[in-house]
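Working notes for the structure below.
FYI, it's all coordinate maths here, none of it is from the lab. Bear in mind the structure is a predicted one, so any value in this text is a computation, not a measurement. Note that we place each Cβ from the backbone using ideal geometry, even for glycine, and neighbour counts take in every protein chain shown.
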Amino acid sequence: MILKSYNNVIMELSAPFLASYWQYIASVFAGIFIAQVMRGVFQQKKQGYTVDVDPMQDGETADIPQSDPRELGDNDQIPYPWFEDRLTEEQMKQKSAEFYEKMNKRRTVRKISDEDVPLEVVENIIKTAGTSPSGAHTEPWTFVVVQDKSVKAEIRRIVEEKEYLNYGRRMGEQWVKDIEYFKTTWAKPYIDTAPYLILVFKQVYGFNEDGSKKMHYYNEMSVCISVGLLLAAIQNAGLVTVTSTPMNAGPQLRELLGRKSNEKLILLLPLGYPDKQAMMPNIRRKPLKDIMVLK
Ligand SMILES: Cc1cc2nc3c(=O)[nH]c(=O)nc-3n(C[C@H](O)[C@H](O)[C@H](O)COP(=O)(O)O)c2cc1C
């Protein structure tokens, strides 16, 4: 009896009420929905830099909290120290043209001599790579330099094992066709013959002094820029390399070289003199008009 009259009251109240005020009710619900969405977006931005900080970033950095800002000391800002080194316009034109000529002679050389290279030269090349800019000056790179013959042989074994599978099964037909021109195969003899191998790791994140994880912004982009400088330094020293991506061999090589799990292998570069028998594809580079747009 009581239930019945309660239902009647609700029906009488709700039907005309809803009919007259449904637009207002709908706008209240829409407002609540929009507020929830906005809250989600702004909270995410504040907590963990997960929103569009680094388009190439790995998921495992998502939980790294924002660190406290550094305290600024007296020597934190210095004037640019090299104003005296300013070149005249003539000198600039000459130097930039000479540098271009030098870099234009850079080629990927897949046959490398076993002739030794002074370690000091290698160190200077790596130091040059280390001058690269990096996201928030995090310097998220490790260059593992291998000269030990047995380690090189093991690296070659691992890379060739993976490359054999890559060429046979993993790379699509089109990909294999595209690289036919370069006459590359799964075999990588330069890994053994080159006096040094440089394995470039990106540090997906770093560590603070207390052991907590430290955000490495734009780590992949930063490492790739440092490799650009590395290639220029190799060319400047009169040596050659192969910019190679050891597909699928990264985790095994990382373990072999005793690197931590925050580091991921990006490139493997053999370093040495070109072999006298080295041949390479007769490629042409795009002219300036096709790569530069002046507005
Ligand atoms: C990101 C990247 C990955 C590459 N991977 C390989 C590779 O795995 N093996 C290889 O023989 N060459 C590799 N190369 C070299 C290119 O084939 C070479 O740079 C290109 O053909 C142009 O020739 P050049 O370097 O003589 O100017 C790579 C180059 C880049 C930039």
- Message: Quick check on segment 115-129. Is at least one of its residues in contact (Cβ under 8 Å) with a residue 40 or more places away in the chain, closer than 27 Å to ASN219 by Cβ and assigned to a loop (DSSP other than H, G, I, E, B)?
- Response: no
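To keep it simple, each residue is scored yes or no on (1) closer than 24 Å to LYS149 by Cβ; (2) within 11 Å of the ligand (Cβ to nearest atom); (3) outside any helix (DSSP H, G or I); (4) touching a His at 6+ places or on another chain (Cβ under 6 Å).
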residue	(1), (2), (3), (4)
LEU229	no, no, no, no
GLY238	yes, no, yes, no
PRO251	yes, no, no, no
ARG284	no, yes, yes, no
ASP290	no, no, no, no
- Would you check if there is a residue in segment 93-113 being away from the ligand (no atom under 16 Å from the Cβ) and in contact with a strand residue (DSSP E or B) (Cβ under 7 Å, 6 or more places away or on another chain)? yes
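Residue-by-condition table, conditions (1) more than 16 Å from the ligand (Cβ to nearest atom); (2) in a helix (DSSP H, G or I); (3) touching an Asp or Glu at 6+ places or on another chain (Cβ under 7 Å):
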site	(1), (2), (3)
THR131	yes, no, no
GLU139	yes, no, no
THR142	yes, no, yes
VAL145	yes, no, no
VAL151	yes, yes, no
GLU154	yes, yes, no
TYR164	no, yes, no
TYR167	no, yes, no
GLN174	no, yes, no
- List every residue pair whose Cβ atoms sit under 7 Å apart, with the two residues 6 or more apart in sequence or on different chains, where the first one lies in segment 268-295 and is under 17 Å from GLY238 (Cα atoms) and aromatic (Phe, Trp, Tyr) and the second, anywhere, is assigned to a loop (DSSP other than H, G, I, E, B) and within 15 Å of the ligand (Cβ to nearest atom). TYR273/LEU239
- Item | Scope segment 134-190; condition among the acidic types (Asp, Glu), exposed (fewer than 12 other Cβ atoms within 10 Å of the Cβ) and within 30 Å of ILE283 (Cα to Cα); matching residues | GLU173, ASP178, GLU180
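Conditions tested, residue by residue: (1) without any contact (Cβ under 8 Å) to a residue 40 or more places away in the chain; (2) away from the ligand (no atom under 16 Å from the Cβ); (3) touching a strand residue (DSSP E or B) at 6+ places or on another chain (Cβ under 6 Å).
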{"site": "ALA187", "(1), (2), (3)": "yes, no, no"}
{"site": "TYR196", "(1), (2), (3)": "no, yes, yes"}
{"site": "TYR218", "(1), (2), (3)": "no, yes, no"}
{"site": "MET221", "(1), (2), (3)": "no, no, no"}
- Query: How many residues, within segment 253-282, are outside any strand (DSSP E or B), in contact with a Ser or Thr (Cβ under 9 Å, 6 or more places away or on another chain) and among the charged types (D, E, K, R)?
  - Reply: 4
